[in-house]
Amino acid sequence: MKHITRADFIPKVESNLTKRFILGITMVTGFSLIIYGGPLTIMLMITLVQFKCFEEIMNLAYEAKKLPKESKLRRINIYFVLVGNYFFYGEVSKIHFKVFADTFATVRFLVSYHSFISFCAYLFGFIWFVTNVKKNELRKQFSLFFWTHFLILIIVVQASLLVNIVFEGLIWNVVPISLVVLNDIFAFIFGKLLGKTPLIKLSPKKTMEGYIFGAFGTVLMGLLLSQFLCQFDFFTCPIEYMNTSSGISMNTNCNSTYIFSPIDFYGIHSYPFVFHSLVISVFASIIAPFGGFCASGFKRSMKVKDFGDIIPGHGGMMDRNDCQFLMATFVHVYINTFIKNTNYNDINKIFQKLLYMNEESQLEFYYLLENHIRHNVNSSISF
């Protein structure tokens, strides 16, 4: 048997690095064009990605249950995912797409009665499933029914959180997504070059060296990327759609909030967001990879190498996004806990809710607010 030396191994590593580099450039270019298109194109991308992820996992489930992939049960599963998307995306649309609801009657109907339509649609799907259950395949069919609902929880819900984040400012999407991708790249490079110590049994190819040095590279790139993007209103301003003389357009102009206003930190010109990005970078490099490790364990339990083969040499869509869903949840929780308490966008959301009221209710709210302010002013003068 020929002894494999390090010199024999290097060309293979270089080939893998070249493939990953080309794929990375292609994905970055496509991602940049999608980001430039704004929330609608980002929502479309997220929806397509999550549908593909759902399809890949359900394909594995159908193979495990030895059921035909093309069946009425499969259509019922897809129907539930569509209903789930309508329910969770509808919550976003109520706040951020009012201008479309005011312009298009169909959109206004779907948004105004969104909760009731979602409930009725789910009931229809539930009845559709129950009436199509076959007695000789009860265990398999109910198992897939629960698979579908579990995937809605871990894919559709996380995707809707990602959509919610978009409207807080594109930077909250671009930075976390980029950091997960960068961490994967750095961990791969350092793992191949320096890796000796296995990291976790669920993913034998991952090494401690790749994990640690990948984390340092991710944190450094996160600081640089955040510092750069904070200079542009397009990335930092909460996004709004508004009616203009030329039609509905996207508005990304705003007065900078505190976290995007320049500060001097020990002589260094920076932004408060950069320090928030440090937390996000640490999560992307230390915690988010465990989403990938969990996915690796799941694949091993199903005895497959990849979820799919949509990306040549890199597996399926779920293989590329197994860490992104965990990241989306963290960023959503982080924004709601540490950012929104001081973010002016809360006021904007209250205003958007006021716009849903009729004129009489809006006028009543105005008088209540006016009386409250006058009472506070008079109390201050008396004191």
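The values are calculated or read from the model by the stated rules, or taken from the named source; none is laboratory data. Note that the structure is a prediction, hence the values are computed from the model and not measured. Because the Cβ atoms are built from the backbone with ideal geometry, glycine has one as well, and the counts that use them run over all protein chains shown.
For the condition farther than 28 Å from Val304 by Cβ, without any contact (Cβ under 8 Å) to a residue 60 or more places away in the chain and either in contact with a helix residue (DSSP H, G or I) (Cβ under 6 Å, 6 or more places away or on another chain) or hydrophobic (A, V, I, L, M, F, W, C) (or both), Leu194 qualifies. Go through the range 346-383 residue by residue and tally those that are among the basic types (Lys, Arg) and at pLDDT 70 or above. Summing the residues that are among the basic types (Lys, Arg) and at pLDDT 70 or above in the range 346-383 gives 1. If Asn343 meets every condition in (1) surrounded by 10 or more Cβ atoms within 10 Å (Cβ to Cβ); (2) under 25 Å from Ile287 (Cβ atoms); (3) out of contact with any Leu (no Cβ under 7 Å at 6 or more places or on another chain); (4) at pLDDT 65 or above apart from one, which number is that one? Result: Asn343 fails condition (4) only.
Just need a number here: residues in the range 282-316 that are within 21 Å of Ile165 (Cα to Cα), assigned to a helix (DSSP H, G or I) and of a type outside the set (Ser, Thr, Tyr). Quick ask: steps written out before the conclusion?
Going residue by residue through the range 282-316, those that are within 21 Å of Ile165 (Cα to Cα) are 282-285, 287-289, 291.
Going one step further and asking which of them are assigned to a helix (DSSP H, G or I), we end up with 282-285, 287, 289, 291.
Filter again for of a type outside the set (Ser, Thr, Tyr), leaving 282-284, 287, 289, 291.
Within the range 282-316, residues that are within 21 Å of Ile165 (Cα to Cα), assigned to a helix (DSSP H, G or I) and of a type outside the set (Ser, Thr, Tyr) number 6.
Summed over the range 83-117, residues that are polar (S, T, N, Q), more than 22 Å from the chain's Cα centre (by Cα) and at pLDDT 85 or above total 3. Among the residues of the range 104-124, is any in contact with a Lys or Arg (Cβ under 6 Å, 6 or more places away or on another chain) and under 30 Å from Cys323 (Cβ atoms)? No; the residues of the range 104-124 include none that is in contact with a Lys or Arg (Cβ under 6 Å, 6 or more places away or on another chain) and under 30 Å from Cys323 (Cβ atoms).
Suppose we filter Phe145, Phe100, Phe104 for residues that are of a type in the set (Phe, Trp, Tyr), in contact (Cβ under 8 Å) with a residue 12 or more places away in the chain and closer than 27 Å to Pro238 by Cα; which single one remains?
Numbers: Phe145 fails: closer than 27 Å to Pro238 by Cα; Phe104 fails: in contact (Cβ under 8 Å) with a residue 12 or more places away in the chain.
The conditions single out Phe100.
Any residue at all in the range 91-99 that's touching a strand residue (DSSP E or B) at 6+ places or on another chain (Cβ under 6 Å), part of a helix (DSSP H, G or I) and farther than 17 Å from Phe146 by Cα?
If we filter the range 91-99 for residues that are touching a strand residue (DSSP E or B) at 6+ places or on another chain (Cβ under 6 Å), which is where we start, we get 99.
Among the residues that remain, those that are also part of a helix (DSSP H, G or I) are: 99.
Filter once more, so that each one left must be farther than 17 Å from Phe146 by Cα: 99.
Yes, that holds for at least one residue.
Give the residue that is nearest to Phe104 (Cα to Cα), with candidates limited to residues of the range 233-267 that are assigned to a loop (DSSP other than H, G, I, E, B) and touching a Pro at 6+ places or on another chain (Cβ under 8 Å). Walk me through how you get there before you give the answer.
Going through the range 233-267, the residues assigned to a loop (DSSP other than H, G, I, E, B) turn out to be 237-239, 245-246, 252-257, 261-262, 266-267.
Those still in the list that are touching a Pro at 6+ places or on another chain (Cβ under 8 Å) too: 239, 254, 261.
Details: Ile239: 20, Cys254: 27, Ser261: 37 Å.
Looking at the filtered set, the residue picked out is Ile239.
Here Glu70 meets the list (1) in contact (Cβ under 8 Å) with a residue 24 or more places away in the chain; (2) surrounded by fewer than 17 Cβ atoms within 10 Å (Cβ to Cβ) almost entirely, failing just condition (1).
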